[in-house]
Amino acid sequence: MTVPPSYSADVAPPSYDEVAQKLDDMVGSDPTPDKVFEAAGQLSEEEINVLVDGVDSHWPLETEAQKEEFTIGAGQTLSSDEGKVRLQSTAMTVTQATKEIDDVFFNLETKLAQIDAIHKSNFQPEISNLKETYQKILADSRDLAARMSVQVETFDDMIVPLCAESSISVDVRTQQLNIFLQNSASSGENATAIQGRFTDLSTSFERFVGTFSDWAKDKEGEITEQIKVVSQELDDLNKTLSALNASLAVFENIAEYSLPVTGGLSVLMPQFAPFFLIGGLISVGLSVATIAGLSIAKSITEGKIITKTREKENLEAQLEQIRQTRAELEDLGNASLVRFADAIAILTGSWGSTAEDAQRIRVWLGEGAVEAKQPEYMRLNLRYNVKKYDAISEYLEYYARGITA
């Protein structure tokens with residue numbers, strides 16, 4: 001595909017017609033949806049904005065004939081092998097999202113258990129319940145998708161042609177359609193029930209996120225203040241240690257007399273120096289109180305610094321863990337669960353659309369089954385091989401099987 005040159009930044013923005021022509025040139029004489037997407041992806045942001053701004057004045061469908069051709073073309077594209085591949089890809093994306101949700105729930109479960117252990121809270125049991133509810137809804141939605149995949153495919157491939165077959169009596173056709181609707185009715189009920197369960201899950205999750213976020217914000221403020229206090233205590237301890245080291249420095253001239261036997265260990269290992277310095281003072285009968293006091297005080301101070309440093313690091317880790325957990329909970333609600341909601345909506349929408357088309361056919365049969373008055377979907381199915389339910393069954397099958405690649 002040859003890409004025409006982009007427009008220069010120092011000239012006026014291109015017109016809608018110029019950008020549309022550029023897009024047509026890139027697509028070529030044998031357009032397909034994939035080629036259009038590929039070409040559009042190579043337009044600049046400025047050019048995309050030109051197309052968006054020109055929508056109202058360049059609406060493509062003007063006549064009834066164009067609308068009819070559009071309906072047929074869209075239906076055939078959906079029913080094509082290319083369309084089925086797109087639906088399969090969509091199902092794989094949704095399935096991957098459901099697995100990511102499961103992973104997020106597991107990570108949150110672990111983090112909240114740790115938070116509960118530290119802060120004596122009780123968040124982990126509730127997130128575990130929410131996770132189990134999600135997993136049950138997911139499992140049931142896949143089972144339903146498996147059944148619906150067969151049902152909607154049957155509607156396209158068997159029920160519609162049968163109902164249009166004039167050699168079969170209207171009563172028999174109506175009877176077969178009613179049997180199909182009766183056998184499939186539970187799918188609609190189950191889809192609605194799953195939709196309701198997911199709505200309840202979303203509501204419970206939002207409530208949980210709100211409760212945790214309120215607690216987390218308070219706890220973050222509390223821990224931040226604790227970190228400030230510990231930081232000040234560390235600063236004071238380091239000042240004390242510096243003063244002790246300065247006092248011990250006066251004994252360095254004494255340490256010089258020990259060089260023949262210590263080999264400069266007082267310099268290389270200052271923490272060890274007081275040991276042999278005290279030994280030397282004892283041997284000459286001098287007081288060891290000062291250096292002993294300084295040495296012990298230094299050791300105690302260093303121990304406190306280590307403890308306080310660990311305390312600060314622990315508080316910082318707690319703070320970061322709470323912040324991360326709060327962010328993950330909010331992200332799960334704002335993004336991941338929304339994608340799962342789309343999957344549930346496809347289940348209810350698929351059956352709802354099938355049932356509506358089936359009811360239109362039943363009304364048509366009841367009014368005498370006049371061929372010239374066939375319902376629109378029946379006409380598209382029989383005359384133009386539009387089989388949207390056969391295509392949708394591909395999506396449902398992939399979703400039901402949990403296929404991600």
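Values in this text are rule-based calculations from the coordinates and carry no lab data. Because the structure is a prediction, the values reported are computed rather than measured. Don't worry about glycine lacking a Cβ; one is built from the backbone with ideal geometry, like all the others, and counts go over all protein chains shown.
Cβ-to-Cβ counts within 10 Å put S141, S184 in ascending order as S184, S141, the fewest first. Legend: P(r) of region 102-175 from all alpha carbon pair distances, 5 Å bins from 0, whole percents, reading 3, 14, 13, 10, 9, 7, 7, 6, 6, 6, 6, 5, 4, 3, 1, 0.
Amide H contacts under 5 Å for V386: N381, restricted to partners 5 or more places along the chain or on a different chain, H placed in the peptide plane at 1.01 Å from N. Over region 186-232, the Kirkwood radius and the radius of gyration, each from Cα atoms, give a ratio Rg/Rh of 1.48. The ranking of M148, M378, M158 from fewest to most other beta carbons within 10 Å of each one's beta carbon is M158, M378, M148. Of the listed pairs K35/K84; K111/K308; K99/K136; K217/K304; K99/K387, which have alpha-carbon separations greater than 20 Å here? Long pairs (Cα-Cα over 20 Å): K111/K308; K217/K304; K99/K387.
For K373, a cut-off of 20 angstrom between C-alpha atoms picks up these aspartates and glutamates, skipping any fewer than 8 places away in its own chain: E64, E68, E69, D156, E165, D171, E356, D357. Exposure proxy for D156, D143: other Cβ atoms within 10 Å of each Cβ, ordered fewest to most, give D143, D156. Could you compute the FRET efficiency for A335 and R383, with r as their C-beta to C-beta distance and R0 at 35 Å, rounded to 0.05? It comes out at approximately 0.25. Shape descriptor for region 66-217: Rg over Rh equals 1.17 (Cα atoms; Rh from the Kirkwood inverse mean 1/r). Phi angles across region 219-230 convert, under the Karplus curve 6.51 cos²θ - 1.76 cosθ + 1.60 with θ = phi - 60°, into 3J(HN,Hα) values of 5, 4, x, 5, 5, 4, 5, 4, 5, 4, 5, 5 Hz, Gly and Pro given as x. Restriction of the trypsin sites (Lys or Arg not before Pro) in region 44-89 to DSSP coil positions whose beta-carbon has at most 12 other beta-carbons within 10 angstrom yields no sites. Restricting the calculation to Cα atoms, every distinct pair contributes to the Kirkwood radius of region 15-75, found to be 12.8 Å.
Could you pull out the chymotrypsin sites (Phe, Trp or Tyr not before Pro) across region 320-389 that fall in loop regions by DSSP (anything but H, G, I, E, B) with no more than 11 other Cβ atoms inside 10 Å? Filter output for region 320-389: empty list.
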